[in-house]
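First the structure, in the form of structure tokens, and then the observations on it.
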Amino acid sequence: MEIPSRYEPGKAEDRWYSYWMENGFFKSIPDNREPYTIVIPPPNVTGVLHMGHMLNNTIQDVLVRRARMMGKNACWVPGTDHASIATEAKVVAKLKDEGIEKRDLSREEFLEHAWAWTRLHGGIILEQLKKLGASCDWDRTLFTMDGPRYESVIKVFVDLFNKGLIYRGVRMVNWDPQARTALSDEEVNYTEEQSKLYYVKYKVVGEDDWVMVATTRPETIFGDTAVCANPNDERYRHLKGKRVIVPMVDREVPFIFDEYVDMEFGTGCLKITPAHDINDYTIGINHNLESIDIFNDDGTLSEAAGLFVGVDRFEARELSVNLMKELGNLEKVEEYSNKIGRSERTNAVIEPKLSLQWFLKMEEISKPALEAVVKGDICLHPAKFKNLYRHWMENVHDWCISRQLWWGHRIPAWYFGNNDYVVALNADEALAMARAKSGNNALTEADLRQDEDVLDTWFSSWLWPITCFDGINNPDNEDIDYYYPTNDLVTAPEILFFWVARMIIAGYEYKGEMPFKNVYLTGIVRDQQKRKMSKSLGNSPEPLELIEKYGADGVRVGMLLCSPAGNDLLYEDSLPEQGRNFANKIWNAFRLVANWEVDSSLPQPEHSAEAVSWMDQMISKGVADVDSDFSQFRISEALMDIYKLFWDEFSGWYLEVIKPAYEKPIDAATYKATIDFFDKLLRLTHPFMPFITEEIWHLLEKRGEGESIMISPMPEIKVYDQSLLNEFETVKEIVTAVRNIRKEKNIPNRERIVLSVRASKENYKARYLPVILKMGNLSSIEFVGDKIDGAASFMVGTTEYYIPLGERLDIGEELSKAESELIYFRGFLESVMKKLGNERFVSKAPANVIDMERKKKSDAETKIAALTARIEELKRL
């Protein structure tokens, strides 16, 4: 068989992905097998693959491929999210480049542009995922605004409204002036930033007196309707019942008292601006204050401000400061560090704003979702996120679900008459309801106007595990009954509340059960400076270029080797390079084995027979370890177990033991066992490295059309003999020690040497002596009762070994080495004795742990005695 000297991932990846697609291996339909289901966290429809997607989707593919090989009916549902804010912003920017303003278009005209943009860019990221090897059921590809999903969202809104859980009201919301829409609390990121604290003087009406107020936002002074102090603050008690004058606008406002005010902050006095601060809003309600909204939706000052109308808020800040300096109202300015809220989508500074919005009551509907995680029905991996989840769910606020955008699911509310409204599934139903509500049967559709706003993107995403199987429109269809609840969700911790918690809420509300059993929370991919990777920072590599350079398998391995659940991944190119090197290692090991000549007439050598026996047990242990890792969602650890099993055990030891002499054939029994081991290792590795494993699996032996490693069974878990494995670890130590002495004494590897063992042959476990003979290139192994003069020595366990050196013996060097070892073992013994002398440790540690420590003590004492005797012996020479 002619096997290329180098593995070429580009050719193999395209060939095998096409093969998988043509044979329908990713496709899933309900049958009598156990289902395994994952729904993809839908990426933005106009997005492109980034490093976070690479990590997340690699983990999902590993889980799905493994489940498929475990005999389950694996279904991975792909799809994209309409991403209201992000997509609308991109469409608006595109139109602007073409000289078109959104305000000059009708809603319908704008949506035509948005749909055209979506059709043009919508499939890019899913095609890119195929390059990574994602084994999604592409026939099931969905979009959060396709017909069934759109209909589902509207039905849920109407249902929740009819249950009294959705309401409309004026509330203080987080306003994004760049996107010109309200945001939920979870869509605001708070960052510590350097600001300024401005000390402003307010004149007391009718007196030659001033009140000093400290503020970070002098531009909002135009909206002040009171100044407030704490009733316990003696400095301001004399101002009870007085009024003060708002600087610049000369408006008289009351001086009030409220225990909310912190007497230690600033001057102990607060300016109260009910329309532009959530705490001021609460104080305004309690004290019946006027609310003056001084900002337009784009963050410029409105007519209500009275000054600087149409000027951006930050420019207005500077203008206000300069004006107050001229008027004598600005006392001083200090540097100040405070937390600034920024939009999660646009990074614009959030403006607290009173606005008429739609809200979902969260307190009662959230309770089953809180209980599910607290009780462990749904498991978060890693578990450290459980307390964070609990804290958020126990302090949940009503969800602002309306957005002032056109791209999205339009709110199904229709207004008529004097701003009365009905909520309905469609315009026809709305008209019938409006007629009934108003008693006016003459109403026509022209008398109704639908709400202009759309729903928060997350209001469609929270239904994703259900709507992926059309479970809202058809609650008892075959797919939802078979695939729901799904098994595992893989996502990022930063959307634990945005998305995960809300999906759990929706699951219990609409299916009466959890939407998934496990939530695997990935870390964030960061650069070596621990900055989150982003194109704006220029620190994010292009994923497809990485795949081209290192191969998809190399990139997958690189992303997973150092990314345990919940821990950030510090990316550098050495990671996919390590993955590529592993792929090359597998390829080269295969080439070595495949090019051996087999002679069926040869008997199996003893060393090969023992190596086969050991490797069989080693693979059984590896299969069990990997299974244990997956059961605990220790996916990086599972990969590392496979990596070490192949690189260290199979390639580093097993192949070296069985390798025939140069240009000599190998016996058939050993070769057959080796091919079987290779097959098992490939199947174990396949979920992580699908392409190279498929390539080699087809070269390993002749396969029929339609056969694939991805649908072959995972190696079975078997009981393994740990004592046999322990014995072989001793063999490794002996061989390593022999090789070290060869290196230290410059004994050529081709020169055969004698190894003497200070033990009786009858009591020595001789099973692996043939392996030691071959791997140490020994002429013989002899058993002796006494120490051997003129020899290098080493200990493995409590047994001494000698290699006669003759003239090569350097007594000074041997003495120094023995004395160093003696110091080490004395220190080791001291640490063990401290443990055993600790009553608390001895009383609480399991019996097997105590026994292990006592064995360590005994072994150390034996080694110390042997080393002491060796030193004395060397000193006499």
If we ask which residues in the stretch 43-55 are within 19 Å of residue 141 (Cα to Cα), in contact with a Phe, Trp or Tyr (Cβ under 9 Å, 6 or more places away or on another chain) and assigned to a helix (DSSP H, G or I), their number turns out to be 0
Reported set for the stretch 291-303 where residues are open to solvent by 50 Å² or more (accessible area, probe 1.4 Å), closer than 21 Å to residue 357 by Cβ and either touching a strand residue (DSSP E or B) at 6+ places or on another chain (Cβ under 9 Å) or acidic (Asp, Glu) (or both) is 291, 293, 297, 298
Result of the Cβ filter at 9 Å on the stretch 787-798, keeping first residues that are at pLDDT below 85 and partners that are assigned to a loop (DSSP other than H, G, I, E, B), at least 6 apart or interchain, is 789/809; 789/877; 790/805; 790/809; 790/877
Selection from the stretch 508-556 of residues open to solvent by 10 Å² or more (accessible area, probe 1.4 Å), at pLDDT 95 or above and in a loop (DSSP other than H, G, I, E, B) yields 511, 512, 513, 514, 517
Note: among 208, 258, just one is exposed (fewer than 15 other Cβ atoms within 10 Å of the Cβ) and over 30 Å from residue 88 (Cβ atoms), namely 208
Yes/no for residue 633 being over 17 Å from residue 604 (Cβ atoms), buried (at least 18 other Cβ atoms within 10 Å of the Cβ) and touching a Cys at 6+ places or on another chain (Cβ under 9 Å): yes
Among helices (runs of 4 or more DSSP H) entirely within the stretch 719-836, at least 2 residues that are within 46 Å of the chain's Cα centre (by Cα) and loosely packed, with under 14 Cβ neighbours inside 10 Å occur in 722-744, 811-836
Exactly one of 422, 396 is more than 19 Å from residue 106 (Cα to Cα), open to solvent by 20 Å² or more (accessible area, probe 1.4 Å), β-branched (Val, Ile, Thr) and touching a Phe, Trp or Tyr at 6+ places or on another chain (Cβ under 9 Å), and that one is 396
Of all helices (runs of 4 or more DSSP H) fully inside the stretch 371-490, the set with 3 or more residues that are of a type in the set (A, V, I, L, M, F, W, C) and more than 27 Å from the chain's Cα centre (by Cα) is 427-438
Among residues of the stretch 62-102 being in a helix (DSSP H, G or I) and among the hydroxyl-bearing types (Ser, Thr, Tyr), the residue farthest from residue 125 (Cα to Cα) is 84
A careful count of residues in the stretch 206-226 that are touching a His at 6+ places or on another chain (Cβ under 8 Å) and either of a type in the set (A, V, I, L, M) or free of Cβ contacts under 8 Å to residues at least 24 places away in the same chain (or both) gives 1
Among residues of the stretch 122-131 being in a helix (DSSP H, G or I) and open to solvent by 20 Å² or more (accessible area, probe 1.4 Å), the residue farthest from residue 453 (Cα to Cα) is 131
Among residues of the stretch 677-713 being crowded, with 17+ Cβ neighbours inside 10 Å and among the β-branched types (Val, Ile, Thr), the residue nearest to residue 636 (Cα to Cα) is 685
Of the listed residues (288, 279), the one being assigned to a helix (DSSP H, G or I), free of Cβ contacts under 8 Å to residues at least 40 places away in the same chain, open to solvent by 30 Å² or more (accessible area, probe 1.4 Å) and farther than 21 Å from residue 333 by Cβ is 279
Condition set open to solvent by 70 Å² or more (accessible area, probe 1.4 Å) and in contact with a strand residue (DSSP E or B) (Cβ under 7 Å, 6 or more places away or on another chain), scope the stretch 435-454, selection nearest to residue 420 (Cα to Cα): answer is 437
Pairing a residue in the stretch 610-628 that is open to solvent by 30 Å² or more (accessible area, probe 1.4 Å) with any residue that is of a type in the set (Phe, Trp, Tyr), where Cβ atoms lie under 7 Å and the two sit 6 or more apart in sequence or on different chains, gives 610/768; 617/720; 621/720
Over the stretch 778-822, the set of residues over 20 Å from residue 736 (Cβ atoms) and among the β-branched types (Val, Ile, Thr) is 784, 788, 811
Expected single match for open to solvent by 10 Å² or more (accessible area, probe 1.4 Å), in contact with a Cys (Cβ under 8 Å, 6 or more places away or on another chain) and among the basic types (Lys, Arg) among 149, 119, 140, 180 is 140
Condition set among the hydrophobic types (A, V, I, L, M, F, W, C) and in a loop (DSSP other than H, G, I, E, B), scope the stretch 1-37, selection surrounded by the fewest Cβ atoms within 10 Å (Cβ to Cβ): answer is 1
Considering only strands (runs of 3 or more DSSP E) wholly within the stretch 133-229, the ones with at least 3 residues that are among the β-branched types (Val, Ile, Thr) and under 42 Å from the mean Cα position of the chain (by Cα) are 166-176
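The values are calculated or read from the model by the stated rules, or taken from the named source; none is laboratory data. Only a predicted model underlies this, so the values are computations on that prediction, with no experimental measurement involved. Cβ sites come from the backbone with ideal geometry, for glycine too, and all protein chains shown count toward neighbours. The area values use the complete protein model at the heavy-atom level, side chains included, leaving out ligands, DNA and RNA. Shrake-Rupley method; radii C 1.70, N 1.55, O 1.52, S 1.80 Å.
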